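Written out below as structure tokens is the structure these notes cover.
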Amino acid sequence: MLAKDLINYMVPPLKTTDDAHKAIVWMEEFRCAFLPVVDEGKLLGFISEEIILEANDIDKEVKDFELTGQKSFVTTETHFYDILKIAAENKVQMVAVLNEDQTYAGVITVQDTLASFAQAAAVQMPGSVLVLSMRFTDYSLATISRLIEENNTKVLSSLINEDPLDSGKIKLTLKLNQEDLSRIVATLERFGYRVIGRYQESKQAPPEKERLDMLLRYLDI
């Protein structure tokens with residue numbers, strides 16, 4: 001999924017001459033804590049509810065605020081993995097999308113990106129999530145997938161996170177199409193892999209809560 005496919009056209013940009021009161025009203029209307037500020041097609045940055053409240057001047061024009069997220073932008077061809085990375089690096093809840101000529105095309109919210117991620121990562125498909133810890137030098141998805149497939153199970157998607165406590169280690173999160181993980185865990189542990197988390201779906205859980213729980217577990221949030 002690319003940035004051009006994720007643009008949320010319901011979130012409007014603010015002009016430099018708009019005041020803080022209008023920004024707050026729009027944030028409440030569109031249920032977001034940030035809004036982009038655009039001048040003649042150029043992104044100037046984002047204004048947030050926190051910035052406005054700290055200034056305590058509702059009549060102040062947005063151009064007079066110290067904006068944030070000036071580097072929180074991607075091109076129309078940016079993959080959604082990189083969209084999440086840019087948002088995290090700039091500590092904002094949305095990312096602007098720029099055309100080839102660097103003009104403003106629209107905005108993508110983190111919420112929209114996560115929803116697309118959930119679809120692409122097969123989070124909503126039946127199955128379970130398994131988390132492994134290992135040194136990066138020991139990582140081989142082909143080998144791990146082979147061991148899992150020997151137990152009549154498929155790897156639907158995978159995600160790697162660096163271990164924040166050890167830069168030489170990674171956490172590998174796998175979405176599998178099997179709910180019973182006991183045989184798979186036994187096989188992986190027999191070959192020296194350390195299982196640090198397993199999350200089976202609960203058939204009694206409401207569908208909405210179940211999908212959200214699976215997504216958060218997959219993202220390790």
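What to note about this one:
- Residue list for region 50-80, restricted to those being surrounded by fewer than 16 Cβ atoms within 10 Å (Cβ to Cβ) and free of Cβ contacts under 8 Å to residues at least 24 places away in the same chain: Glu50, Leu53, Glu54, Asn56, Asp64, Glu66, Lys71
- Number of the condition not met by Ser133 [criteria: (1) polar (S, T, N, Q); (2) farther than 19 Å from Ile160 by Cβ; (3) surrounded by fewer than 20 Cβ atoms within 10 Å (Cβ to Cβ)]: (2)
- You will find that of Ile24, Ile47, the residue that is in the same structural domain as Met94 (by TED's automatic domain parsing) and either surrounded by fewer than 16 Cβ atoms within 10 Å (Cβ to Cβ) or touching a Leu at 6+ places or on another chain (Cβ under 6 Å) (or both) is Ile47 and no other.
- Candidates Leu84, Leu172: the one that is out of contact with any Lys or Arg (no Cβ under 6 Å at 6 or more places or on another chain) and not assigned by TED's automatic domain parsing to the domain that holds Met10 is Leu172.
The values are calculated or read from the model by the stated rules, or taken from the named source; none is laboratory data. The model shown is predicted, which means the values in this text are computed figures rather than measured ones. Here Cβ is always computed from backbone atoms with ideal geometry, including for glycine, and neighbour counts include all displayed protein chains.
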